[in-house]
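*Asks:* Have a look at the structure that comes next, please.
The values are calculated or read from the model by the stated rules, or taken from the named source; none is laboratory data. Keep in mind it's a predicted model, so treat the numbers as computed, not measured. Methodologically, a virtual Cβ is constructed for each residue, glycine included, from the backbone with ideal geometry; neighbour enumeration extends over all protein chains shown. Note: accessible area is taken over every heavy atom of the protein model, side chains too, but ligands, DNA and RNA are not part of it. Shrake-Rupley method; radii C 1.70, N 1.55, O 1.52, S 1.80 Å.
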Amino acid sequence: MMNLKRACIYPKDIQRITGRSERYGRKLLQEIKDFLGKESYQFITINEFSEYSGIQIDIVKEYIEN
């Protein structure tokens, strides 16, 4: 069976990565959506978060996969 990984990032993930609050994670996701011109119902991918935040994709994936 194939082991699928998540493609999108959630406020709780941002909290784990940055050590900030979940509320900060929600705010940051909204800022990224605004920056990328996405609608409120659209998701932010791990790649988009990595590029916006400047955190290397490998580091982000470590926190998502654990």
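*Asks:* What number, in percent, do you get for the relative contact order of the chain if the mean sequence gap of Cα pairs under 8 Å and at least 6 apart is divided by its residue count? Walk me through the intermediate numbers first.
*Replies:* Values: 52 pairs, mean separation 22.2, N = 66.
Contact order relative to length: 34 percent.
*Asks:* Also, quick follow-up: Whole number please: convex hull volume per residue of the Cα set in the chain, in Å³?
*Replies:* It is 90 Å³ per residue.
*Asks:* Roughly to the nearest percent, how much of the accessible area of region 19-66 is carbon and sulfur, given a 1.4 Å probe?
*Replies:* About 45 percent, which is the carbon plus sulfur part of the accessible surface.
*Asks:* Which of the chymotrypsin sites (Phe, Trp or Tyr not before Pro) found in the chain are in a DSSP loop and have at most 11 neighbouring Cβ atoms, other than their own, within 10 Å?
*Replies:* Answer in residue order: Tyr41.
*Asks:* Please report the net charge: other residues with Cβ closer than 10 Å to the Cβ of Gly25, K and R +1, D and E -1. Before the final figure, lay out the partial values.
*Replies:* On the way: positive: Lys12, Arg16, Arg20, Arg23, Arg26, Lys27; negative: Asp13, Glu22.
That works out to +4.
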